[in-house]
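Report on one structure; see the data block that follows.
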Amino acid sequence: DEQVDALDKIRWLPDVFAALQKLTAAGYRLVMVTNQDGLGTASFPQQNFDLPQNFVVDTLASQGLHFDAVCICPHKTVDACSCRKPKLGLVQEYLDRSSIDFASSVMIGDRETDMAFARNLGVRGLRVQKAGSAQETWPAIVTELLARRASYERSTKETSITIAID
């Protein structure tokens, strides 16, 4: 139902803690951006969200993982608000007060709206799914983001050389 309103709906993907620890150790900062359809309504009261949300944030914090910001859109798609991903209204204040290297930033998400949000933000988007799926797993994302790559091209009258190192 796309509502995080109970602890039994939370499932950690394999290797997520180790992956996020490696990424933060490499200098990445974490920002949570989430759509929570109808949060605060009779069908999705705030208190039903607070327990699982606090559990997620506290569990990550217990692993040394802290968020610079937690941005939550409570609106439904039909509300046509300016803050629901993939729109940027939800993160505009964070963007205004933070120094962000967009070329080195990445949005990691599990839905197409997350990838659209990444495009709208002007950052790279990586989609994470369960291990064994056709999509990226957390270890693959770490490998991709922490890879050291370089390329060099040189042309002379006699030769043209291209070197790419991964």
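The values are calculated or read from the model by the stated rules, or taken from the named source; none is laboratory data. No experiment lies behind these values; they were computed from the predicted model shown. In this analysis, Cβ positions are derived from the backbone assuming ideal geometry, glycine residues included, and neighbour counts consider all displayed protein chains. All accessible areas refer to the heavy atoms of the entire protein, side chains included, with ligands and DNA or RNA removed. Shrake-Rupley method; radii C 1.70, N 1.55, O 1.52, S 1.80 Å.
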- [ ] Determine the calculated [θ] at 222 nm for the chain from helices alone, applying -39500 (n - 2.57) to every DSSP H run no shorter than 4 residues and normalising by the residue count; nearest 500 deg cm²/dmol.
- [x] -9500 deg cm²/dmol
Task: Matching label, Kirkwood radius over Cα pairs in Å computed from the structure shown, candidates [x] 18.0; [y] 16.5; [z] 15.8 - done: [x]
Open item on the list: Need one word for the range 1-99: rounded, prolate or oblate. Basis is the Cα gyration tensor (sqrt eigenvalues a ≥ b ≥ c); a/c below 1.5 gives rounded, then a/b vs b/c decides.
Closed with: oblate
- [ ] Please give the per residue accessible area of the range 1-143, computed with a probe of 1.4 Å over protein heavy atoms only, in Å².
- [x] 57 Å²
TODO: Report, for the chain, the % of DSSP beta bridges that are antiparallel, rounded to 5.
DONE: 40 percent
Open item on the list: If the reach is capped at under 22 angstrom between alpha carbons, list the lysines near K76, excluding any in the same chain fewer than eight residues apart.
Closed with: K9, K85, K87
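How much of the accessible area of the range 97-166, in percent, comes from carbon and sulfur atoms when a 1.4 Å probe is used? Let's see the in-between values first.
Details: 2470 of 5040 Å².
So the carbon and sulfur contribution to the accessible surface is 49 percent.
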Open item on the list: Can you compute 3J(HN,Hα) from phi for each residue in the range 139-153, using the Karplus curve 6.51 cos²θ - 1.76 cosθ + 1.60 with θ = phi - 60°, rounded to whole Hz and x for Gly and Pro?
Closed with: x, 5, 5, 4, 4, 5, 6, 9, 4, 9, 10, 8, 9, 8, 10
- [ ] With only Lys, Arg, Asp and Glu charged, each at its Cβ (+1 for the first two, -1 for the last two), find how big the charge dipole of the range 20-166 is about the Cα centre; round to the nearest 20 debye.
- [x] 300 debye
Task: Whole-Å distance, taken between Cα centres, linking the range 143-166 and the range 49-71 - done: 41 Å
Task: Estimated inter-spin distance, N54 and A116, nm [label 7 Å along Cα→Cβ] - done: 3.4 nm
TODO: Among V4, V31, T143, flag the residue with its Cα farthest along the positive direction of the charge dipole of the chain, charges on Cβ as +1 for Lys/Arg and -1 for Asp/Glu.
DONE: T143
- [ ] Taking H placed 1.01 Å from N in the peptide plane, check which residues at least 5 places from L30 or on another chain put their amide H under 5 Å from its amide H.
- [x] D68
